[in-house]
Amino acid sequence: MLAEIKGINEECGIFAIWGHEKAAEMTYYGLHALQHRGQEGAGIVTTDGETLHVHKGLGLLNDVLSEGEFSKLPGQSAIGHVLYGAEGGSGFENVQPLVFRSSKTSMAIAHNGNLVNAHALKNQLEAQGSILQTTSDTELLAHLIKRSGHLEMSEAITAALQMIKGSYAFSLLTEDQLFIALDPRGIRPLSIGRLGEAYVIASETCAFDLIGATYEREVQPGELITISDEGLQTQTFSTPMRRKLCAMEYVYFSRPDSDLNGVNVHASRKIMGKELAKEVPVVADVVTGVPDSSISAAIGFSEESGIPYELGLIKNRYVGRTFIQPSQELREQGVKMKLSAVRGLVDGKRVVMVDDSIVRGTTSKRIVRLLKEAGAKEVHVRIASPPMNNPCFYGIDTSNKGELIAANHTVEEIREIIGADSLAFLSNEALERSIVADRDMEQHGICNACFTGNYPTEIYPDTVLPAYKA
Ligand code: AMP
Ligand code: SF4
């Protein structure tokens, strides 16, 4: 049963633009900046005011659409998506935006997140005669909108949003309107900017920088935004609640040059590294970070401890992220192909290896071995986040509990498994300090459920895990 609806909207990246003569082109570049959020599929849908034009496919954005092909996508408004797909969940039918055509209003939907009541909704919709064509919970939203009975699109969307639970950042394009919505807890990041007169919306602000757009504000938790030629209108579809933006966005997913909810990702990672050096210091000769996501934390650790930072690990740029590999064996090979230890920098040294997180332990184990094979005398592993001992239900592919090494082993056991001379994690309090600092918790609160087990939404007994089954 669990395989029926997989968490295939998981990390993903969404981008949208309204009112720009090069809408498809801007979306293409915006998605380029978000490519790290998903490499399994990409798609763009534009509207010319009368018809939706679709171009999408499996693979990287460049494999799906080349720079010369924008004329295939006419119109001044567009939405786009890059798909992160877990095993079995990334067939062509799941590549977004999903398009639903009808004689009255057609719509295209792109989604980042995971609905925790998807299973119950699916059963309910099927019992009412709906035929679902994908394994994506994005499609559920389309059916709920169609079945809401409201003629006005924003009312139909509001009714549908009030039925779904979990994490979601949605963009929905019709022939003449763009709708943007964020879940009531604001678990996934989503920002609005301007590019001249045009409105732009993106999962991360790095997409604005690439196209020269200026950041305006965050989409608020529980906010539904409607953009049309009449301008932008906003409404709330749920009672305001304390924000719970995913801490793992700061720890690992987002690009260091993005600002999430006004906090720069690189800066917060650097503080995580500093806090780590304060909480669990170590005597060593060099600090090295695991490229790319841990470099900022490693720099912070080095600055705080006074131990010099060195590029002890080099990444082969042309191999994808390890998690994308479907089996444990292939994932281990992925790590091997991806990273090399620099002998000249680590030989005979006591090395602090800073990584952003440990999920299954695969990466740390391989890297400790690489460093030791390159002559490191001691390898001290410092993790810039707490032990991850709870699964994520909100679209982050952190597998089921059985696969989380910290859910099944003590820190000392993990140290032994990964072959490190010492191992320590950042505390929850320090993680929160690194991100929230002295900001108002109502606006800047974070989800840390995978570290604490305190989930910011109801979790349903039949909640479908974004399962990553090796
Ligand atoms: P693992 O090898 O399973 O312990 O995974 C940990 C490594 O994967 C770390 O180096 C992180 O940079 C990265 N990582 C952490 N969480 C995720 C995730 N949900 N998806 C993909 N990669 C991740
Ligand atoms: Fe992010 Fe963890 Fe919360 Fe999932 S449980 S949304 S990974 S902080």
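Take the residues in the stretch 268-290 that are of a type in the set (A, V, I, L, M, F, W, C), buried (at least 17 other Cβ atoms within 10 Å of the Cβ) and out of contact with any Gly (no Cβ under 8 Å at 6 or more places or on another chain), then tell me which one is nearest to CYS12 (Cα to Cα).
Residues of the stretch 268-290 that are of a type in the set (A, V, I, L, M, F, W, C), as a first pass: 271-272, 276-277, 280, 282-284, 286-287, 290.
Those left that are additionally buried (at least 17 other Cβ atoms within 10 Å of the Cβ): 271-272, 276-277, 280, 282, 284, 286-287, 290.
Applying the additional criterion that residues be out of contact with any Gly (no Cβ under 8 Å at 6 or more places or on another chain) yields 280, 282, 284, 287, 290.
Numbers: VAL280: 34, VAL282: 37, ALA284: 38, VAL287: 32, VAL290: 22 Å.
So, considering only residues that are of a type in the set (A, V, I, L, M, F, W, C), buried (at least 17 other Cβ atoms within 10 Å of the Cβ) and out of contact with any Gly (no Cβ under 8 Å at 6 or more places or on another chain), the one nearest to CYS12 (Cα to Cα) is VAL290.
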### Query
Of all the residues that make up the stretch 391-426, how many are at positive phi and among the hydrophobic types (A, V, I, L, M, F, W, C)?
0
### Task
Could you tell me whether any residue of the stretch 352-375 is more than 16 Å from ligand 1 (Cβ to nearest atom) and within 23 Å of GLU275 (Cβ to Cβ)?
no
### Task
Of the numbered conditions (1) assigned to a loop (DSSP other than H, G, I, E, B); (2) out of contact with any Cys (no Cβ under 6 Å at 6 or more places or on another chain); (3) within 12 Å of ligand 2 (Cβ to nearest atom), TYR460 fails exactly one; give the number of that condition.
(3)
### Message
Which residue is nearest to TYR84 (Cα to Cα), if the candidates are limited to the stretch 253-267 and must be within 15 Å of ligand 2 (Cβ to nearest atom) and surrounded by fewer than 23 Cβ atoms within 10 Å (Cβ to Cβ)?
### Response
ASN261
### Message
Going residue by residue through the stretch 388-395, is there one that turns out to be in contact with a His (Cβ under 8 Å, 6 or more places away or on another chain), touching a residue at least 40 places away in the same chain (Cβ under 8 Å), within 12 Å of ligand 1 (Cβ to nearest atom) and not small (Gly, Ala, Ser)?
### Response
no
### Query
Which residues, counting only those in the stretch 35-65, are out of contact with any Ser or Thr (no Cβ under 9 Å at 6 or more places or on another chain), more than 18 Å from ALA207 (Cα to Cα) and in a loop (DSSP other than H, G, I, E, B)?
GLU50, GLY59
### Query
Of all residues in the stretch 343-388, how many are surrounded by 20 or more Cβ atoms within 10 Å (Cβ to Cβ) and of a type in the set (Lys, Arg)?
5
### Residue that is within 13 Å of ligand 1 (Cβ to nearest atom), more than 30 Å from ASP137 (Cβ to Cβ) and among the basic types (Lys, Arg), where the choices are ARG382, ARG433
ARG382
### Message
Looking at the stretch 436-457 only, could you name the residues that are more than 16 Å from ligand 1 (Cβ to nearest atom), buried (at least 16 other Cβ atoms within 10 Å of the Cβ) and β-branched (Val, Ile, Thr)?
### Response
VAL436, THR457
### Query
Any idea how many residues of the stretch 291-315 are touching a residue at least 60 places away in the same chain (Cβ under 8 Å) and surrounded by fewer than 23 Cβ atoms within 10 Å (Cβ to Cβ)?
1
### Task
Being part of a loop (DSSP other than H, G, I, E, B) and either more than 16 Å from ligand 2 (Cβ to nearest atom) or open to solvent by less than 30 Å² (accessible area, probe 1.4 Å) (or both) is the filter here, so list the residues in the stretch 398-417 that pass it.
THR398, SER399, LEU404, HIS409, THR410
### Query
Which pairs have Cβ atoms under 7 Å, sit 6 or more apart or on different chains, and link a residue in the stretch 426-441 that is farther than 15 Å from ARG243 by Cα to one that is of a type in the set (D, E, K, R) and assigned to a helix (DSSP H, G or I)?
LEU426/GLU275; LEU426/GLU279; SER427/GLU279; ALA430/GLU275; ALA430/GLU279; ARG433/GLU275; SER434/GLU275
### Query
If the Cβ limit is 6 Å and pairs must be 6+ apart or interchain, which residue in the stretch 339-368 that is farther than 15 Å from ARG415 by Cα and within 16 Å of ligand 2 (Cβ to nearest atom) pairs with which residue that is open to solvent by 30 Å² or more (accessible area, probe 1.4 Å) and not small (Gly, Ala, Ser)?
ASP356/TYR252
### Query
What is the residue count in the stretch 198-242 for residues that are surrounded by fewer than 23 Cβ atoms within 10 Å (Cβ to Cβ), in contact with a Gly (Cβ under 6 Å, 6 or more places away or on another chain) and closer than 12 Å to ILE17 by Cα?
1
### Query
Does ALA420 meet the test of being more than 9 Å from ligand 1 (Cβ to nearest atom), under 22 Å from the mean Cα position of the chain (by Cα), aliphatic (A, V, I, L, M) and at pLDDT 95 or above?
no
### Task
State which residue is farthest from SER258 (Cα to Cα) when the search covers only the stretch 31-59 and only residues that are among the acidic types (Asp, Glu) and surrounded by fewer than 18 Cβ atoms within 10 Å (Cβ to Cβ).
GLU50
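The values are calculated or read from the model by the stated rules, or taken from the named source; none is laboratory data. Values in this document were obtained by computation on a predicted structure and should not be read as measured data. Here Cβ is always computed from backbone atoms with ideal geometry, including for glycine, and neighbour counts include all displayed protein chains. Please note that ligands, DNA and RNA were not included when accessible areas were found on the heavy atoms of the full protein model with its side chains. Shrake-Rupley method; radii C 1.70, N 1.55, O 1.52, S 1.80 Å.
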